[in-house]
1. Choose one of ASN142, LEU159, SER130: the residue whose Cα lies farthest towards the positive end of the charge dipole of segment 129-171 (beta-carbon charges +1 Lys, Arg; -1 Asp, Glu; about the Cα centre).
2. Take the Cβ-Cβ distance between ASP207 and GLU3 as r, set R0 to 51 Å, and report the resulting FRET efficiency rounded to the nearest 0.05.
3. What is the Cα coordinate range of segment 56-147 on the first, second and third principal axes, sorted by size from largest, in whole angstrom?
4. Kindly rank 127-134, 152-159 from highest to lowest mean number of other beta carbons found within 10 Å of each residue.
5. Which shape class, rounded, prolate or oblate, goes with segment 1-48 when its Cα gyration tensor gives a ≥ b ≥ c as root eigenvalues, a/c under 1.5 marks rounded, and past that a/b bigger than b/c marks prolate?
6. If packing is taken as the average number of other Cβ atoms within 10 Å across a peptide's residues, how do 139-150, 19-30, 228-239 rank, most packed first?
7. Applying 1/(1 + (r/R0)^6) with R0 = 35 Å to the Cβ-Cβ distance of ARG26 and ILE266, what FRET efficiency is obtained, to the nearest 0.05?
8. About its Cα centre, what dipole magnitude does segment 227-270 give when the only charges are +1 on Lys and Arg Cβ and -1 on Asp and Glu Cβ, stated in debye to the nearest 20?
Amino acid sequence: MKETPLSTCERTALTDMVECGLRHDRRGFLEARDTTISFGREYGSCSVILGETRVLAQVTCEVVEPRASRPSEGKLSIAVHLSPMAAPHLEPGGGGGGAEVDALQQVLERNIKESRCLDLESLCIRAEESVWQLRVDITVLNHDGNLCDASNMAAVAALRHFHRPDVLVEEDGRVTVLSHATSPPVPTFMRKVPVCVSYALVCPQEDKCLVLMDPTHVEERVMTGKLVAGLNPHGDITSLVFPGRVALKKEQIMKCLEHAFRRAKIIAEMVQQAVEDDLQTRATEDRPSGFRDKLVSDEEYKRQRFTHLMATKVLTIPTESTEAAVPMEEEPSVPKEQDPANDSTNNELVDDPDDLEESRTSAVIASVTKTSKNKKKVKKTKDVKMDSDSEEEQQHTLLTSQDLQ
């Protein structure tokens, strides 16, 4: 199924909104969407929700032979899976998003694998014989833009959260993998936390280029170019991808990188805090709850987002009409002793239920009659006021004609 192209009106409207300083989801140009990191029951299972973009990462391990060129280092592989579940235009088998999968996997390998943020030597069991191989499977559950940031965050959080089983090496070289009940699992050591920050470049004019951080899928369809920066909070740039047909100045790129470093510190602290909180919860609980109470639907997210905007007074809904109110005379209150419906003495004297019903009906008719009389009085007052105004206008007109004569 092919993706429905944007019409000229939609494309022009989105571009004009950006040129006026607005985004369709009421965010600022350098404001990211709400981010939620949650972990499953098993170690290394992580879900990241970035706005309406959802990504699931799962880390698995197995014992394999090392490379001949690096006999004392483990292995790390990353695989990205896109399916029609994430977006309707993605065909089964990666046919519709093959190029997107290749580009995304290339960015993740540069930012995570080639940056050597993971200590591969700690994955060695027996040099030149057996090492651990970690495999990160990233599945996109919902595609709403900025897959690079969400996939990178999910992969890094899953790796930091992953605990591999302990092993027992025999004298003859045999390796026995121990269960978690027999021996506590071994955590994965990461030197640094790689972060990916994406910017969409929208050029409404040839000499004007606007930068949007964390673009949605609609903004990615109207953008002219893109800037994807891979870095860590320590000040190292691991990768810099600049696809598109936009030529940025050096000052603009430096401003984006300065903002990306500040964003990288926030994301690294968020990932570290989420991992520590989940590990503390696992230490106190017998059976972790996993994703059961942490995932929310798209409708619930939109409802929470609307509530947040209302709380911050970004949205305003008029509650009072701007029309002039007509002054109404207060209705005279009926004393309790004169109200036949509420008169306890009358109720005591009436024994027949039909008589009681008739008395209540007469009371209602009396109240309606009084209300209609009050309305007539108000209308009569308005008519008198209007007549007086017309007489004054006529007198003013006569005086003016006499003066002219």
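1. The one lying farthest along the dipole's positive direction is ASN142.
2. On the way: r = 31 Å, r/R0 = 0.60.
About 0.95, to the nearest 0.05.
3. 47, 22, 20
4. Working: 127-134: 17.2, 152-159: 27.0.
Packing order, densest peptide first, comes out as 152-159, 127-134.
5. oblate
6. Values: 139-150: 23.2, 19-30: 13.1, 228-239: 18.3.
The peptides rank, most packed first, as 139-150, 228-239, 19-30.
7. Values: r = 21 Å, r/R0 = 0.59.
For ARG26 and ILE266, the calculated efficiency is 0.95.
8. Details: 7 positive and 4 negative charges, 42 e Å.
The calculation lands at about 200 debye.
Here, each number is a calculation from the coordinates, and none is a lab measurement. Just so it is clear, the structure is predicted and the values come from calculations on it, not from any experiment. FYI the Cβ positions are ideal-geometry reconstructions off the backbone, even for glycines, and counts take in every protein chain you see.
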